[in-house]
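Following: one structure in structure tokens, then a few remarks.
The values are calculated or read from the model by the stated rules, or taken from the named source; none is laboratory data. From a predicted model like this one, the values you see are computed outputs, not experimental measurements. Don't worry about glycine lacking a Cβ; one is built from the backbone with ideal geometry, like all the others, and counts go over all protein chains shown. In case anyone asks, the SASA skips ligands and DNA or RNA and just uses the protein heavy atoms, side chains included. Shrake-Rupley method; radii C 1.70, N 1.55, O 1.52, S 1.80 Å.
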Amino acid sequence: MPFAVRIVSTSVEKEVVGVREAEAAPRSGPAHYIGGRFDREGTTFPLVNPVDGTVVGAVPEAGAGTVDRAVRAARDAVTGDWGRSTAEERGALLRRIADGIEDRFDEFVAAEVADTGKPVSLASTVDIPRAAANFRAYADLVWGRPERSFTSPTPDGAGALNYTVRRPLGVVAVVAPWNLPLLLLTWKVAPALAAGNAVVAKPSELTPSTATLLAEVMDTVGVPPGVFNLVHGFGEGSAGAMLTGHPGVDAVAFTGESATGTAIMRSVAERLAPVSFELGGKNPALVFADADFDAAVDGTVRSAFTNAGQVCLCTERVYVERAIFDDFVAALAERARALRVGRPEQDGTDMGPLVSAEHRDKVLDYYRLAEREGAKTHAGGAAPRFGDERDRGFFVEPTVLTGLAPDARAVREEIFGPVCHVAPFDDEVEAVRLANDSKYGLAATVWTSSLSRAHRVAPQLEAGIVWVNCWNLRDLRTPFGGVKASGIGREGGEHSLDFFSEPVNVCVKL
Ligand code: NAD
Ligand code: 6OD
């Protein structure tokens, strides 16, 4: 048995043999996790509560030496027993990780809420359950993965058999953003491990806590030392760039801003390491006059304001057929004004603060820029005032704008806050042209009651994901990713397993 998980069947396996005691498991704030050991080596930077701006902890910042140790630990794992593990063994371990997350569900929710300020209702129904689901999904997928084989003719008539084996890439760097910290980290870690790689993960400097809890779970359920490593720090000039630029990293899976993707691509160019990039967006919604009006308003409220607009899939550009434009704007603005902005743990809170003071300032700058560019503000447009400690937090109002020209910066640039601009269109051709008039191409939404229109419009949209009469309905098996500046490659289901492994054709002369 190469590592400490007993495989009895492919069903969920509860029994773990010889699980190591969590070594120096921190339970007291963010820590690096390298080669199966936790440490807080190096200088620290503050962890800030977005609700009131207070400093609530300290995060260790990995320097070049720490990153190097993590990469070496990962290399040792892939060249050791882990590199010879079977898909069945890895699948069983992934299920244990999912169980481990669920066993500490409330801690994960509390940590995610504390770092991001997102409502408990969101963290407990989306972030944490879907993070656990990622591990289960890839446990199933890697086990059930079919490969094709071909028999080929040979000159002597004996023939040859070609079949494919999948090899892991080796040491994979996973660099994640702050908006859905655990969900988006596990979205890459789970398939990377399922495919047999060792991982060095770097979460966002703003949201280090659930990644640390994940390392604790990995440790507790018996993930072998070096298979999953975690380093904390910033991007440029810090742990992020040191990791992606490390010559021992065989591939980089990154989610974050498009400009960061460019920087990472430069850092891997010399050694030609493969990248999987999930990047920014400026996602359009098209609302046709024949749509179910209430469903379209409801869906647009969700797509613009979920997680305070800090989801890469959020709608920031809404195009509405002229016949219903005024009614739609009025209804959307009324719903936006009614959203309850407040404490994440309070029942009924729809929106918490933004993640950081810097991000709040960026979003508020865009609100002001939009007004200078000629926007009319129908809802929001500022920071709310509470009259208590939340006024030192990072809250902004959900905002609905109209009246901007197609080339306004607030229409073209990703804001990543709770804001959308609504503009009219006259026909389907114009709607598609407006939707595609962006350097980004992540997700698009179409609201219509015409089946023909839906099928006609969807494939014309320059986006990796098109939703019809819904938003963010996500099956983990489906391809996920963007076109243009929104990404390179696809993740999700088989697509992630394809990225995290190389097919090797074996040709046997019969
Ligand atoms: P970001 O690019 O600033 O940071 C993401 C991660 O990259 C962080 O861990 C950061 O420390 C690290 N990083 C920054 N500079 C780096 C560098 N030079 N080298 C290596 N690592 C570096 O993004 P963010 O602000 O954390 O997240 C918001 C952005 O992420 C938005 O643009 C959003 O659209 C995008 N996003 C995209 C998706 C998607 O699936 N397409 C999903 C979520 C978020
Ligand atoms: O898969 C999901 O549930 C989800 N909310 C994905 C979001 C991805 C980008 O931010």
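Assorted remarks:
- Residues within the stretch 391-423 that are more than 23 Å from S258 (Cβ to Cβ) and free of Cβ contacts under 8 Å to residues at least 12 places away in the same chain, tallied: 1
- Only one of T151, T79 that is open to solvent by 60 Å² or more (accessible area, probe 1.4 Å), closer than 18 Å to V227 by Cα and of a type in the set (S, T, Y): T79
- Within the stretch 211-238, considering residues that are hydroxyl-bearing (S, T, Y) and within 15 Å of ligand 1 (Cβ to nearest atom), the one surrounded by the fewest Cβ atoms within 10 Å (Cβ to Cβ): S238
- Helices (runs of 4 or more DSSP H) enclosed by the stretch 46-151 - at least 3 residues per element that are of a type outside the set (K, R) and within 30 Å of E358 (Cβ to Cβ): 64-79, 105-116, 128-143
- When the test is whether a residue is away from ligand 1 (no atom under 12 Å from the Cβ) and either open to solvent by 60 Å² or more (accessible area, probe 1.4 Å) or acidic (D, E) (or both), E491 does not pass it.
- Members of the stretch 416-447 found to be on the phi < 0 side of the Ramachandran plot, surrounded by 24 or more Cβ atoms within 10 Å (Cβ to Cβ) and assigned to a loop (DSSP other than H, G, I, E, B), listed by number: G417, P418, S438, L442
- Test: residue in the stretch 231-254 that is within 16 Å of ligand 2 (Cβ to nearest atom), within 20 Å of V59 (Cβ to Cβ) and among the hydroxyl-bearing types (S, T, Y): no
- Number of residues in the stretch 244-254 that are outside any loop (DSSP other than H, G, I, E, B) and either open to solvent by 30 Å² or more (accessible area, probe 1.4 Å) or near ligand 1 (Cβ under 7 Å from one of its atoms) (or both): the value is 2.
- Residue, surrounded by the fewest Cβ atoms within 10 Å (Cβ to Cβ), within the stretch 255-301, restricted to residues that are within 16 Å of ligand 2 (Cβ to nearest atom) and assigned to a loop (DSSP other than H, G, I, E, B): E257
- Looking only at residues in the stretch 108-140 that are of a type in the set (S, T, N, Q) and farther than 13 Å from R343 by Cα, the one that is surrounded by the fewest Cβ atoms within 10 Å (Cβ to Cβ) is T125.
- Residue satisfying all of: in the stretch 311-352; of a type in the set (D, E, K, R) and in a helix (DSSP H, G or I); surrounded by the most Cβ atoms within 10 Å (Cβ to Cβ) among these: R335
- Residue match in the stretch 126-142 (condition: away from ligand 2 (no atom under 16 Å from the Cβ) and either without any contact (Cβ under 8 Å) to a residue 60 or more places away in the chain or touching a strand residue (DSSP E or B) at 6+ places or on another chain (Cβ under 8 Å) (or both)): yes
- Residue within the stretch 170-189 that is within 15 Å of P503 (Cα to Cα) and either surrounded by fewer than 24 Cβ atoms within 10 Å (Cβ to Cβ) or more than 27 Å from the chain's Cα centre (by Cα) (or both) present: yes
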